[in-house]
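See structure below.
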Amino acid sequence: MEHPRDHAAEAPRGWDRRAVSVPVLLCLSLVGGQLPSFSTGANLWTVGTGALLLCLGLSRRVPRRPGPRRLPPGALWWLLPITVFLGFEAVTFAFERGQDFPTFSRLADPLLEARLFRSAAWFAWLAGFWALVRR
């Protein structure tokens, strides 16, 4: 006998999940972008949204996309600039060099003061997180 939950993840024909997930992520990012940076509300919204997406992504309700079995050879070359960037960020943050060698987050602060840019950054974060959780 089939379990009713087995059909819960199946979408009706002609229906695209992106038609629902993109507007939902957009609404979540618009709310998150309006909150002041590092406020209690913003921190709670960030943790709550991340936990909600994690629970939804790990549940059986959302179909998972298969992850790659092996990374392509070109992906290894991306590790070099990412490692250099993260190393630079960590050293600059650890030694508190301030304005001499500002971190990326300090350089992005003037852009993120505008709520529209902050909402766009929220949307990018949510879309990337959702793509990772679904794998």
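The values are calculated or read from the model by the stated rules, or taken from the named source; none is laboratory data. Owing to the predicted nature of the structure, the values given are computational and were not obtained by experimental measurement. Note that each Cβ is placed from the backbone with ideal geometry, even for glycine, and that neighbours are counted across all protein chains shown. In case anyone asks, the SASA skips ligands and DNA or RNA and just uses the protein heavy atoms, side chains included. Shrake-Rupley method; radii C 1.70, N 1.55, O 1.52, S 1.80 Å.
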**OP:** Please specify each residue of the stretch 109-132 satisfying the condition of being touching a Lys or Arg at 6+ places or on another chain (Cβ under 9 Å) and either open to solvent by less than 80 Å² (accessible area, probe 1.4 Å) or within 15 Å of S29 (Cβ to Cβ) (or both).
**Re:** L112, A131
Original post:
Would a scan of the stretch 95-102 turn up a residue that is at pLDDT 85 or above and either loosely packed, with under 10 Cβ neighbours inside 10 Å or over 27 Å from G50 (Cα atoms) (or both)?
Top reply: no
Original post:
Quick one: in the stretch 40-79, which of the residues that are modelled with pLDDT of 85 or more and of a type in the set (S, T, Y) is surrounded by the most Cβ atoms within 10 Å (Cβ to Cβ)?
Top reply: T49
Original post:
Checking E89 against (1) surrounded by 13 or more Cβ atoms within 10 Å (Cβ to Cβ); (2) modelled with pLDDT of 85 or more, which test does it fail?
Top reply: (2)
